[in-house]
Amino acid sequence: MPRIAYVNGRYVAHADAAVHIEDRGYQFADGVYEVCEVARGFIVDMPRHLGRLGRSLSELSIAWPVSRGVMPLLMREVVRRNHVTTGLVYLQVTRGVASRDFLFPPAGTPSSLVITARKADPAAQAKRAAAGIRIITVPENRWDRVDIKSVGLLPNVLAKQKAKEAGAQEAWFVDADGMVTEGGSSNAWIITMDGVLVTRPAEHGILRGITRTTLFDVAAKLGLRIEERHFSVAEAKAAREAFISSATTIAMPVVAIDGDPVANGHPGSVTLSLRQAFFDVAEKSPA
Ligand code: PMP
């Protein structure tokens, strides 16, 4: 079945979907994006994702390409046209098309909007969660506005590629003080011996993950305590459990860090219970 993409007001065959060569996303990574999970026929936490998109756009003074109210309709339509019931919907907004110049384009230049949707295999994710993932650590080398969900992801690309080459599935960035910031495409968590969830405060050093935010609600429901504080690689290695969170991985157990096992090297039970309870708590918008 041919895939369909939404590109600047048109639904086009995915294979032929294209933006102009002078799109500022292409030339300057001058754009932002969101990824929402699609599960059981619902778009997960869409209002929160659109709220964060609005913040990213306003931090960079990029105009909404269509009104915020129209966005869910477009996302739903792309999901529907691609028959996705499990997978993800991706959207990207850039500052638009203009003759290459570092300065912002003339006022009134429309921002660009691309939306795609892709199916995923739920069994593959479940299998991964049952096995847990391995991570490596890499020095933090990104700019200090990673709270903006920008498409400028080169350090993340390099870190995740390095992880893959080391037989791992994610990389954690570590700041100059030896403290974990976040993953290449996920937030980082540990669970202490006392059963307390620990994750870095969502200041400018990390992206405020939507899954992270919803996991606060899940933890409250399960009666688990969360501490927002910095933690080191050493503390993570000695923790009872470690996990990552993102829209596409939910809560995914980490079983090894730089080749050293976390606890007994098996997925932790608290992480799996967070994962299990997630969809009961997350907001589900019909796709
Ligand atoms: N941090 C980074 C750097 C990410 O790329 C992502 C995934 N987009 C996250 C955290 C997790 O965010 P979310 O839960 O909204 O997917």
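The values are calculated or read from the model by the stated rules, or taken from the named source; none is laboratory data. This is a predicted model, so every value here is computed, not measured. Cβ placement follows ideal geometry from the backbone for every residue including glycine, while neighbour counts extend to all protein chains displayed. Accessible surface is based on the protein model in full, side chains and every heavy atom, while ligands, DNA and RNA are left aside. Shrake-Rupley method; radii C 1.70, N 1.55, O 1.52, S 1.80 Å.
If I filter the stretch 219-239 for residues that are in contact (Cβ under 8 Å) with a residue 60 or more places away in the chain and in a loop (DSSP other than H, G, I, E, B), do I get at least one hit?
There is no residue in the stretch 219-239 that is in contact (Cβ under 8 Å) with a residue 60 or more places away in the chain and in a loop (DSSP other than H, G, I, E, B).
Applying the selection to the stretch 183-204, what residues are of a type in the set (A, V, I, L, M) and within 11 Å of the ligand (Cβ to nearest atom)? Write out each step before concluding.
Step one: of the stretch 183-204, the residues of a type in the set (A, V, I, L, M) are 188, 190-191, 193, 196-198, 202.
Selection gives Ala188, Ala202.
State yes or no: is Leu207 crowded, with 18+ Cβ neighbours inside 10 Å, in a loop (DSSP other than H, G, I, E, B) and within 13 Å of the ligand (Cβ to nearest atom)?
Details: crowded, with 18+ Cβ neighbours inside 10 Å: yes; in a loop (DSSP other than H, G, I, E, B): yes; within 13 Å of the ligand (Cβ to nearest atom): yes.
The answer is yes for Leu207.
Within the stretch 259-279, identify whether any single residue is open to solvent by less than 10 Å² (accessible area, probe 1.4 Å), within 16 Å of the ligand (Cβ to nearest atom), touching a helix residue (DSSP H, G or I) at 6+ places or on another chain (Cβ under 8 Å) and closer than 18 Å to Ala166 by Cβ, and answer yes or no.
no
How many residues are without any contact (Cβ under 8 Å) to a residue 40 or more places away in the chain and among the small types (Gly, Ala, Ser) if we restrict to the stretch 112-145?
Going through the stretch 112-145 one residue at a time, the tally reaches 3.
Within the group Ser232, Ser245, which residue is within 16 Å of the ligand (Cβ to nearest atom) and of a type outside the set (A, V, I, L, M, F, W, C)?
Numbers: Ser232 fails: within 16 Å of the ligand (Cβ to nearest atom).
That would be Ser245, the only listed residue that is within 16 Å of the ligand (Cβ to nearest atom) and of a type outside the set (A, V, I, L, M, F, W, C).
Does the stretch 177-209 hold any residues that are touching a strand residue (DSSP E or B) at 6+ places or on another chain (Cβ under 8 Å) and among the aliphatic types (A, V, I, L, M), and which are they?
Selection gives Met179, Val180, Ala188, Ile190, Ile191, Val196, Leu197, Val198, Ala202, Ile206, Leu207.
Residues to consider are Thr199, Thr181, Thr116; find the one that is in contact with a Lys or Arg (Cβ under 8 Å, 6 or more places away or on another chain), outside the structural domain of Ser269 (by TED's automatic domain parsing) and over 18 Å from Pro261 (Cα atoms). Working first, answer last.
Numbers: Thr199 fails: outside the structural domain of Ser269 (by TED's automatic domain parsing); Thr181 fails: outside the structural domain of Ser269 (by TED's automatic domain parsing).
Testing whether each residue is in contact with a Lys or Arg (Cβ under 8 Å, 6 or more places away or on another chain), outside the structural domain of Ser269 (by TED's automatic domain parsing) and over 18 Å from Pro261 (Cα atoms) leaves just Thr116.
Check whether at least one residue in the stretch 222-238 is closer than 27 Å to Arg76 by Cβ, in contact with a strand residue (DSSP E or B) (Cβ under 7 Å, 6 or more places away or on another chain) and either open to solvent by 10 Å² or more (accessible area, probe 1.4 Å) or among the polar types (S, T, N, Q) (or both), and report yes or no. Quick ask: steps written out before the conclusion?
Within the stretch 222-238, the subset closer than 27 Å to Arg76 by Cβ is none.
Checking the stretch 222-238: not a single residue is closer than 27 Å to Arg76 by Cβ, in contact with a strand residue (DSSP E or B) (Cβ under 7 Å, 6 or more places away or on another chain) and either open to solvent by 10 Å² or more (accessible area, probe 1.4 Å) or among the polar types (S, T, N, Q) (or both).
Working only within the stretch 149-182, note down all residues that are assigned to a loop (DSSP other than H, G, I, E, B) and either out of contact with any Phe, Trp or Tyr (no Cβ under 7 Å at 6 or more places or on another chain) or away from the ligand (no atom under 12 Å from the Cβ) (or both).
Filtering the stretch 149-182 down to residues assigned to a loop (DSSP other than H, G, I, E, B) leaves 149, 151-153, 166-169, 175-178.
Within the stretch 149-182, Gly152, Leu153, Ala166, Gly167, Ala168, Gln169, Asp175, Ala176, Asp177, Gly178 meet the criteria.
For the stretch 89-133, give me each residue that is of a type in the set (D, E, K, R), touching an Asp or Glu at 6+ places or on another chain (Cβ under 8 Å) and open to solvent by 30 Å² or more (accessible area, probe 1.4 Å). Walk me through it before giving the result.
At the first step, the residues of the stretch 89-133 found to be of a type in the set (D, E, K, R) are 95, 100-101, 118-119, 121, 127-128.
Of the ones still in play, those that are also touching an Asp or Glu at 6+ places or on another chain (Cβ under 8 Å) are 95, 100.
Arg100 - this is the single residue of the stretch 89-133 that is of a type in the set (D, E, K, R), touching an Asp or Glu at 6+ places or on another chain (Cβ under 8 Å) and open to solvent by 30 Å² or more (accessible area, probe 1.4 Å).
Residues are listed down the side, and each one gets a yes or a no for (1) surrounded by fewer than 16 Cβ atoms within 10 Å (Cβ to Cβ); (2) farther than 24 Å from Phe278 by Cβ; (3) in contact with a helix residue (DSSP H, G or I) (Cβ under 9 Å, 6 or more places away or on another chain):
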{"position": "Ile4", "(1), (2), (3)": "no, yes, yes"}
{"position": "Asp16", "(1), (2), (3)": "yes, yes, no"}
{"position": "Val19", "(1), (2), (3)": "no, yes, yes"}
{"position": "Leu50", "(1), (2), (3)": "no, no, yes"}
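Identify, please: which residue in the stretch 192-204 is over 20 Å from Ala282 (Cβ atoms) and either in a strand (DSSP E or B) or touching a Ser or Thr at 6+ places or on another chain (Cβ under 9 Å) (or both) and is, among those, least open to solvent (accessible area, probe 1.4 Å)? Give the derivation first.
Going residue by residue through the stretch 192-204, those that are over 20 Å from Ala282 (Cβ atoms) are 192-196, 198, 200-201, 203-204.
This time we only want the ones that are either in a strand (DSSP E or B) or touching a Ser or Thr at 6+ places or on another chain (Cβ under 9 Å) (or both), so: 198, 200.
Values: Val198: 0, Arg200: 17 Å².
Selected residue: Val198.
Might you check whether a residue that is more than 21 Å from Tyr33 (Cβ to Cβ), open to solvent by less than 40 Å² (accessible area, probe 1.4 Å) and within 16 Å of the chain's Cα centre (by Cα) occurs anywhere in the stretch 159-176?
Yes, there is a match, as at least one residue in the stretch 159-176 is more than 21 Å from Tyr33 (Cβ to Cβ), open to solvent by less than 40 Å² (accessible area, probe 1.4 Å) and within 16 Å of the chain's Cα centre (by Cα).
For the structure I just gave you, tell me whether Gly183 is at pLDDT 95 or above and closer than 19 Å to Arg128 by Cβ.
Numbers: at pLDDT 95 or above: yes; closer than 19 Å to Arg128 by Cβ: yes.
Yes.
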